[in-house]
Amino acid sequence: EVPTIHDQPIVSEFPDVFPDELPGIPLVCEVEFNIELIPGAEPISKAPYRMAPVELKELKDQLQELL
């Protein structure tokens, strides 16, 4: 079954904002994304940004919560 625009939760939640007829949802992305890699290349090693102790603690807490 092909999904319609009305199957999208945001459209169902705010029907007064969207018109009754929409062109639909594209099934295939027309743009192909690609990043050309150089064989043997490595990421640039760079020191992380400095953070205030309060910011660093908050970052560590959030990362721990995600793990």
Computed FRET value (nearest 0.05) for Leu56 with Gln8, which takes r as the C-beta separation and R₀ as 35 Å: 0.35
P(r) of the chain over all Cα-Cα pairs, binned every 5 Å from zero, in whole percent: 3, 10, 10, 8, 8, 8, 12, 14, 15, 10, 2
Stretchable slack from Phe33 to Leu67, in nm (0.36 nm times residue separation minus alpha-carbon distance): 9.3 nm
Helical mean residue ellipticity (222 nm; -39500 (n - 2.57) per DSSP H run of 4+; nearest 500) of the chain: -8000 deg cm²/dmol
Degrees, to the nearest 10: 53-66 long Cα axis against longest axis of the chain: 50 degrees
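Bear in mind that the values in this text are calculations on the coordinates, not laboratory data. On a predicted model such as this, the values are computed, not experimentally measured, just so you know. Note that we place each Cβ from the backbone using ideal geometry, even for glycine, and neighbour counts take in every protein chain shown.
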